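What follows is a short report on a single structure.
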Amino acid sequence: MGWRNVVLTLGAAMLTASGPQGAFAQPVCPENVVRIVSPFPAGGPTDVAARMLAERLKDRIGQSVIVENRAGAGGAAGTGYVAQQPGNGCTLLLSYDTHAVNPVLLQLPFDTVTAFKPVVMIGTIPNIIAAHPAQQYKTFAEMVETARKAPDTLAYATGGTGTVAHLSMKQIEQKYDMLLRNVPYRGGAPAAADLIAGHVPLMVGSVQALGKFVQDGKARALVQLGLKRHVMLPDTPTLDELGMKGFNSVSWMGIFVPSATADAVVARYHNELKAVLEDAWVRERTASMGVELNVGAPADLGNFVKSEISRWGEVVKRYNIKVE
């Protein structure tokens with residue numbers, strides 16, 4: 001083989017090895033910039049996750065990737081915006097657990113299931129019940145006993161009415177024959193701040209919102225609401241362990257695209273984002289956020305959303321929960 005043929009052969013092999021993220025890959029978006037829409041304010045969990053993914057995704061697809069915050073209506077405003085975008089592969093939605101709760105709480109101008117195609121689940125974040133350290137109850141059982149003695153007086157903070165944390169607590173109240181008072185905040189961060197300050201005795205929220213405070217002794221974890229103990233709270237039992245078998249309350253994050261997006265584009269984004277989530281830097285960052293990676297096929301995310309809508313819809317109807 002002559003030197004010219006050797007060079008050509010090596011060049012072709014390098015192009016093949018470069019994969020879809022190589023400089024000669026077909027652009028996934030015909031425009032210059034791919035947008036990841038976060039339907040919540042800057043600085044929140046979805047915003048942090050979106051910026052982390054954007055940082056690595058741009059290198060894989062060879063295009064600019066920016067994060068656009070479109071907050072409002074508990075995530076419904078930004079979600080509705082993405083639902084109206086063309087399916088050209090240029091707009092992604094990074095949504096939170098409200099994606100499966102808003103359809104049963106609000107009158108939305110779109111169908112959450114049919115307006116989007118699922119791309120990839122990022123991961124789940126178990127919820128916990130935590131108390132201010134000054135409270136007399138040291139365990140979940142002691143908290144239940146306290147609540148039973150004075151119905152509708154023991155307050156707990158949540159990130160808002162109708163959130164997964166609030167709906168989960170309604171089920172727990174029924175199971176343990178107690179009545180507590182929900183104090184809704186505009187997000188998990190301000191709720192956690194008031195718990196730490198001692199303005200509210202309890203909070204139901206994610207490990208992401210409360211885990212560091214528990215580790216630092218600023219809050220006391222009473223029980224975990226996921227099916228297994230989270231690595232950040234190895235000594236805190238789950239509600240499943242304490243007798244409410246099979247109970248699983250988690251926050252979650254996933255990526256979606258408008259329903260008009262071609263299946264080939266969905267598959268491309270799935271593969272690229274899966275590779276991003278396998279990146280060591282990303283895995284370290286997500287772990288520090290309390291996120292347990294749970295990457296599956298697009299259909300897995302779609303089926304999960306449908307099951308969550310059904311599950312929380314039943315709770316909303318049973319307790320006649322309304323957003324004022």
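The values are calculated or read from the model by the stated rules, or taken from the named source; none is laboratory data. All figures in this text were calculated on a predicted structure; none of them were measured in a lab. So basically every Cβ, Gly included, is an ideal-geometry build from the backbone, and we count neighbours across all protein chains shown.
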Among residues of region 105-157, those that are more than 19 Å from Arg181 (Cβ to Cβ), at pLDDT 95 or above and part of a helix (DSSP H, G or I), counted: 1
Single condition Gln136 does not satisfy, out of (1) surrounded by fewer than 16 Cβ atoms within 10 Å (Cβ to Cβ); (2) over 22 Å from Leu242 (Cβ atoms): (2)
Condition check for Gly43: more than 18 Å from Val119 (Cα to Cα), in contact with a Gly (Cβ under 7 Å, 6 or more places away or on another chain) and either assigned by TED's automatic domain parsing to the domain that holds Ser259 or not in a helix (DSSP H, G or I) (or both): no
Residue that is farthest from Thr124 (Cα to Cα), among those in region 292-310 that are free of Cβ contacts under 8 Å to residues at least 40 places away in the same chain and assigned to a helix (DSSP H, G or I): Ser310
Selection within region 118-137 - touching a strand residue (DSSP E or B) at 6+ places or on another chain (Cβ under 7 Å) and either of a type in the set (A, V, I, L, M, F, W, C) or farther than 30 Å from Ser259 by Cα (or both): Val119, Val120, Met121, Ile122, Ile125, Asn127, Ile128, Ile129, Ala130, Ala131, Pro133, Tyr137
Set Arg35, Arg56, Arg51: member being of a type outside the set (S, T, N, Q), assigned to a strand (DSSP E or B), buried (at least 16 other Cβ atoms within 10 Å of the Cβ) and at pLDDT 95 or above: Arg35
Criterion: surrounded by fewer than 18 Cβ atoms within 10 Å (Cβ to Cβ), at negative phi and either assigned to a loop (DSSP other than H, G, I, E, B) or over 18 Å from the mean Cα position of the chain (by Cα) (or both) - qualifying residue of Val223, Val231, Val214, Val200: Val231
Among (1) within 30 Å of Lys117 (Cα to Cα); (2) assigned by TED's automatic domain parsing to the domain that holds Lys170; (3) among the aliphatic types (A, V, I, L, M) - the single one Ile255 does not satisfy: (2)
Test: residue in region 272-291 that is closer than 22 Å to Val305 by Cα and either small (Gly, Ala, Ser) or not assigned by TED's automatic domain parsing to the domain that holds Lys306 (or both): yes
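Conditions (1) in contact with a helix residue (DSSP H, G or I) (Cβ under 7 Å, 6 or more places away or on another chain); (2) at pLDDT below 95; (3) not in a loop (DSSP other than H, G, I, E, B), marked per residue:
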| site | (1), (2), (3) |
| --- | --- |
| Leu242 | yes, no, no |
| Gly254 | yes, no, yes |
| Glu284 | no, yes, yes |
| Gly290 | yes, yes, no |
| Val323 | yes, yes, no |
Residues satisfying the stated conditions in region 103-118, i.e. surrounded by 14 or more Cβ atoms within 10 Å (Cβ to Cβ) and touching a residue at least 40 places away in the same chain (Cβ under 8 Å): Pro103, Val104, Leu105, Leu106, Thr112, Val113, Ala115, Phe116, Lys117, Pro118
Selected residue (only one of Ala260, Ala267, Ala275 is touching a residue at least 40 places away in the same chain (Cβ under 8 Å), loosely packed, with under 15 Cβ neighbours inside 10 Å and not hydroxyl-bearing (Ser, Thr, Tyr)): Ala260
Answer residue from region 289-324, given it is farther than 30 Å from Asn271 by Cα and β-branched (Val, Ile, Thr) and is surrounded by the fewest Cβ atoms within 10 Å (Cβ to Cβ) among those: Val323
Every residue from region 25-54 that is touching a Leu at 6+ places or on another chain (Cβ under 8 Å) and small (Gly, Ala, Ser): Ser38, Ala49, Ala50
